[in-house]
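Shown next, in structure tokens, is the structure this report addresses.
Where a number appears in this text, it was derived from the coordinates with a stated rule and is not lab data. Here the structure is a predicted model, which is why all the values come from computation and not from measurement. Note that each Cβ is placed from the backbone with ideal geometry, even for glycine, and that neighbours are counted across all protein chains shown.
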Amino acid sequence: MTTVDIPVGSRLVDDGTRFRVHRATMTDTGVYSGELAKIFARSWLYVGHESEVREPGDYVRRPVGGRPVFMVRGRKSGEVNVFHNTCSHRGAVVCRRDQGNTKVFQCFYHAWSFDTEGNLVGMPGREAYDEPRFAELGLAPVAKVESYRGFVFCCFDPAAVPLTEYLAGAREYLDLVVDGADGEVEIIKGTQQYGMAANWKLLVENSVDGYHAASTHDTYFKYLVSLGTDLSVGVSGVTKALGNGHAVLEYEAPWGRPIAKWEPLFGEEAKPEIEGLRAGLAQKYGEERAHRIADLNRNLLIYPNLVINDIMAVTVRTFMPAGPDATDITAWELAPRDELPQVRQRRLDSFLTFLGPGGFATPDDIEALESCQQGFTSGGIEWNDVSRGMNRDPQATDEEQMRAFWRRWRADMDAEVTR
Amino acid sequence: MTITRAEVEDFLYHEADLLDEWRLDEWLTLYTDDAHYAIPCNDDPGGDPARDLMLIDDNRFRMGARVERLNSRKAHREYPHSNTRHMITNVRLGAWDGDELPVRASFVVWRFRGGRAADYVGQYFYRLLYRDGALRIRDKRVVLDMTALRPAYDVAIVL
């Protein structure tokens, strides 16, 4: 057995012909705590979508990077604010519902009140302070908050590069999703919050893995066949690194796309309407871009833990490790805003065939990833092999997109944290 | 039509038996051809499948496909199958609505597999028919009480 002298915590071998990842990266608690400090505390992380807080005072509460935060549209500024969910007095959580609309967030412990811009606006018995420093005792905004085309991100590191720079080549793919929807998208009500007993990076790999589709998801493809779907098109396309650890798998596949690719699931009666949507895209963007928007699928990874899969529907999926072998997953469905009810119905239906914890594919992915995690504990083999396609221009069933993730992961894990 | 609570309970216990014994083809025969089986998301118990994202929203065709999938050896999450136990209690009959009898019941479903246990807790909302001398299910809606599905991982089994 070879011993490779490389820093602990970032054990990869990348020698130009083979790419190997040490399995300790998936099982070690030291690696996990390193990730919290070096990746989740320093990367731009997805918070939510602006459509979730459309009106002034609308808020949603959720953990981001393992920390409870909430996002609220300010009543004065109209801006989307993201605050740490803790009272400036003695720490209690101030936003105590998952969503709603409010004028103030009042901490129930001692009744300090904060407005939707985070300002402290009231406390009982202020005469007990010589000088209550209202201006210094507001809620703490997360260090950096920016959005790109409606997707709101935050970063706990004040020294982070601007979001658009961070997103690098991933912007083009977010643009394709939003442009296909005529420029306005929204998150559909209803959140799938599921979990798995496996390392989070296994889900990163799986979310952009074209190689596993045919073997793991046999029952899904059988279902498509039972509907009359033509499978001869197969899964073909390319994988690409997009910079900063982001990556995409862009490909043709047999299933339909509610944005503008018909399939038998949608019914004959939907054909003219979908052809109309397709023609509209061609008129607006030209045939080439319309083809990309309508016909091609995109599994997009935005480093470290956001996946936007624009496939038989569009899912926005984020996940967070709860330990080296446990991951909390949250998935939403994204759709063009104000879509016709019958189109929306088709989209909802299409999503559930494959996606989510009750779909015909996602549970088998979870099984595969948990199975990997169990396999790691068996020992005997130290390294995963992620070399597929290193000898050619990476195709849809290759692993270049995973290597892009892992290279950035290693760079982050090897970095000294000075803050 | 007089259907007693005991008759409805017997019928629901029968469904639970079929599910726990993985006799899914027989389970399907309890449902009408226009049946529907749905589970809203944990954060949207009133979820409308025409507007909202659900966890499951099956028409009868997809229920059949789900059974076919679970019967195969390639539904990896459920091969081998979990041991399940569907516990049904607090059965309440509503007033007949045309030919439909609304029934709600509380449930706990236990799922055991590979040394792990998961439990699902919630309410069933049924719409039953009495046809050709037997009760049939036209609609089953499963509303989960858990605030997130996470502790139970997924809903690869039939609840």
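Quick notes
- Hydrodynamic radius by Kirkwood, which averages 1/r over all alpha carbon pairs of the protein assembly as shown, in angstrom: 25.6 Å
- Inter-part distance, region A:17-92 to region B:1-48, computed on C-alpha centroids, equals 40 Å.
- Span-like helix check, chain A: qualifying full DSSP H segments, with Cα axial length of 15 Å or more and mean Kyte-Doolittle of 0.0 or more, are A:170-180.
- Cα centroid separation, region B:86-137 to region B:143-159 (Å): 16 Å
- Fewest-first ordering of A:165, A:263 by other beta carbons within 10 Å of each residue's beta carbon gives A:165, A:263.
- Residue order for A:201, A:144, A:222, fewest other beta carbons within 10 angstrom first, comes to A:222, A:144, A:201.
- Given 14 as the ceiling on other Cβ atoms within 10 Å, longest exposed-site-free region of chain A for chymotrypsin sites (Phe, Trp or Tyr not before Pro) in DSSP loops: A:130-419
- Remark: for residue pairs A:222/A:284; A:38/A:76; A:222/B:140, the C-alpha separation exceeds 30 Å in A:222/A:284; A:38/A:76.
- At R0 = 45 Å, FRET efficiency that the Cβ-Cβ distance of residue A:252 and residue A:126 yields, to 0.05: 0.10
- When only Cα pairs below 8 angstrom with a gap of at least 6 residues are kept, chain A shows a relative contact order of 20 percent.
- Between the helical axis of B:60-71 and the longest alpha-carbon principal axis of chain B there is an angle of about 40 degrees.
- Free-standing Cys residues across chain A, given no other cysteine C-beta under 4.7 angstrom: A:95, A:154, A:155, A:372
- Dipole magnitude of region A:168-308 about its Cα centre (Cβ charges: Lys, Arg +1; Asp, Glu -1), debye to nearest 20: 380 debye
- Inter-centroid distance (Cα atoms) of region A:270-336 relative to region A:139-199, Å: 13 Å
- Under-5 Å amide H pairs with residue A:195, H placed in peptide plane, nonlocal only: A:329, B:153
- The ranking of A:182, A:365, B:52 from fewest to most other beta carbons within 10 Å of each one's beta carbon is A:182, B:52, A:365.
- Check: the protein assembly as shown dipole with +1 on Lys, Arg Cβ and -1 on Asp, Glu Cβ, in debye: 920 debye
- Pairs of Cα atoms nearer than 8 Å and 6+ residues apart set the relative contact order; for region A:170-414 it is 31 percent.
- Taking θ as phi - 60° and the Karplus parameters 6.51, -1.76 and 1.60, the scalar couplings of region B:79-89 work out to 10, x, 5, 5, 7, 10, 9, 8, 9, 10, 8 Hz in sequence order, x denoting glycine and proline.
- If R0 equals 35 Å, the separation of the Cβ atoms of residue A:36 and residue B:87 corresponds to a calculated FRET efficiency of about 0.35.
- Relative contact order [Cα under 8 Å, 6+ residues apart], region B:5-152, whole percent: 24 percent
- Of the trypsin sites (Lys or Arg not before Pro) found in region B:6-69, those in coil by DSSP whose Cβ has at most 16 other Cβ atoms within 10 Å are B:23, B:51.
- Magnitude of the charge dipole, region A:1-151, Cβ model with Lys/Arg +1 and Asp/Glu -1, debye to 20: 340 debye
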